[in-house]
Amino acid sequence: MNSLPARPPHRRERLSAWMQAEDVTCAVLFGADHVTHLTGYARYFGGPSAVVVGDEGDYVLVVMQDEAPVARNAASADEVIGFGERGFGIDLDPVAGLVATVAALPAVARAQRLGIASELAGANARLGAQLNATLVDAGEPLHGIRLVKDWDELEKIGASYELCWLGQDAVADGAVPGTSEIELFTAAQAAAQIASGAPIEFVCDLLSGPNTADVCCPIHVAGTRVVQAGDVVIADVVVRSNGYWGDSAETHAVASAEGAEGKAAEARALLLDVLEEARTMLVPGAKGSSVFAHVHERIVEALPAGELPHHAGHGLGLGAFEDPHLIPSDDTPLEPWMVLAVEPGVYFPRRYGARVENVFVVTPSGGIELRRLLAETR
């Protein structure tokens, strides 16, 4: 493997640098993704939460009372505080209690300039009403910080990515005549969830036969159609575990003497070539619009009867579909250590489709497939 670029400062250091530049002495960040990003805490069916970055660089995690013991063991935080009363479903406005607890923290109460960002509707306004501080939007800088991944984030994305491929293996094994789409969908979910050892978040396009020309949900949702000999099956398996998403897509063949799988195999082979070409373009300074233009041109020139009606890829991390995007309108320059899922596809109306997808890390020598990067640098 070619030498990797220098790793960026840790995300907490990047946030601290922004706070210093903006003369912000404290930051309050509401919502599960902010909490996961900055403390590593992610909990299935967790309640509203916030992380507070104090003027001495300390991190305080605020969660519901009953979550606090779990969070103390799982989070990377200097202090974990529980809010509200014990119990579930009794308080129908828990955000009010969260905001009140945050507002009472000394670092928040004494702040003159307070950084703030929220994924919880109304939380920013509620907090502002209880303080005299000047509120400084931290959402945009945090968005930029999130795009460039730290090593621990790559490992978490990689773990979810591996679960996706276990799901793909289950689809490959089950794609035989007589199996329904919903059975394949369920097999992929079960394989990933059992391997995870905990509940996962799971999203999946599962299309078979002529349905594969319908591209994705919500146009076609996995149903009772039974796979037949000669079919192709598209599986786009997306899994979130420990707060971070993985993504994958593959075209599986249901073999027969004659069938669409032969032509789909040819289309898949082309898509794999295009995927490799796109990988080499994932260098610092490149733009998603340029990668999309290349992918689109290669596909429609080689297969003029087909179409590419979707993006060519997207960022991946705390979100399953985050910036930057490989689309005509995204001119965001790529940066080292961004993570992108690249997914060329081609679809022949009312006949069949094909799609492949891998996840890459941006480096000066081109994208490095995430599983390879993690395996070769452990």
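The values are calculated or read from the model by the stated rules, or taken from the named source; none is laboratory data. Keep in mind the model is a prediction, meaning the values are calculated, not measured. Methodologically, a virtual Cβ is constructed for each residue, glycine included, from the backbone with ideal geometry; neighbour enumeration extends over all protein chains shown. Each accessible area value is taken on the protein alone, full model and side chains, heavy atoms only, with ligands, DNA and RNA left out. Shrake-Rupley method; radii C 1.70, N 1.55, O 1.52, S 1.80 Å.
So for segment 1-109, averaging the separation of alpha carbon pairs under 8 Å that are six or more residues apart and normalising by length, what relative contact order in percent results? It comes to 21 percent, rounded to a whole number. Label point of Glu335 set 7 angstrom out along Cα-Cβ; within segment 139-160, amide nitrogens under 20 Å from it belong to 139-158. Rounded to the nearest Hz, the phi-derived 3J(HN,Hα) couplings of segment 103-108 under the Karplus curve 6.51 cos²θ - 1.76 cosθ + 1.60 (θ = phi - 60°) are 4, 7, 5, x, 5, 6, where x marks glycine and proline. If R0 equals 56 Å, the separation of the Cβ atoms of Gln112 and Glu301 corresponds to a calculated FRET efficiency of about 0.40. Here segment 273-292 is scanned for amide nitrogen atoms under 15 Å from the site 7 Å beyond the Cα of Thr377 along Cα-to-Cβ, giving 283-284. Size estimate for the chain follows the Kirkwood approach: the inverse of mean 1/r over distinct Cα pairs works out to 22.3 Å.
Positive contributions from Lys and Arg (+1) and negative ones from Asp and Glu (-1), summed over other residues with Cβ under 13 Å from the Cβ of Val136, come out at -3. Gly97 sits among other residues whose Cβ lies under 15 Å from its own Cβ, and their net charge, with Lys and Arg +1 and Asp and Glu -1, is -3. Normalised per residue, the accessible area of segment 1-129 is 50 Å², obtained with a 1.4 Å probe and no contribution from ligands, DNA or RNA. Per-residue ellipticity at 222 nm computed for the chain from its helices equals -11500 deg cm²/dmol, with DSSP H segments shorter than 4 residues left out and the rest contributing -39,500 (n - 2.57).
Close amide H contacts of Glu119 (hydrogens built in the peptide plane, cut-off under 5 Å, sequence separation of 5 or more or a different chain): Phe30, Gly31. Antiparallel versus total DSSP beta bridges in segment 1-117: what percent is that, nearest 5? Restricted to segment 1-117, the bridges split so that about 45 percent are antiparallel.
Measuring between their Cα centroids, segment 81-134 and segment 263-292 lie 45 Å from each other.
Computed over neighbours whose Cβ is under 10 Å from that of Arg11, the net charge equals 0, Lys and Arg +1, Asp and Glu -1.
When both bridge partners sit in the chain, DSSP labels roughly 75% of those beta bridges antiparallel.
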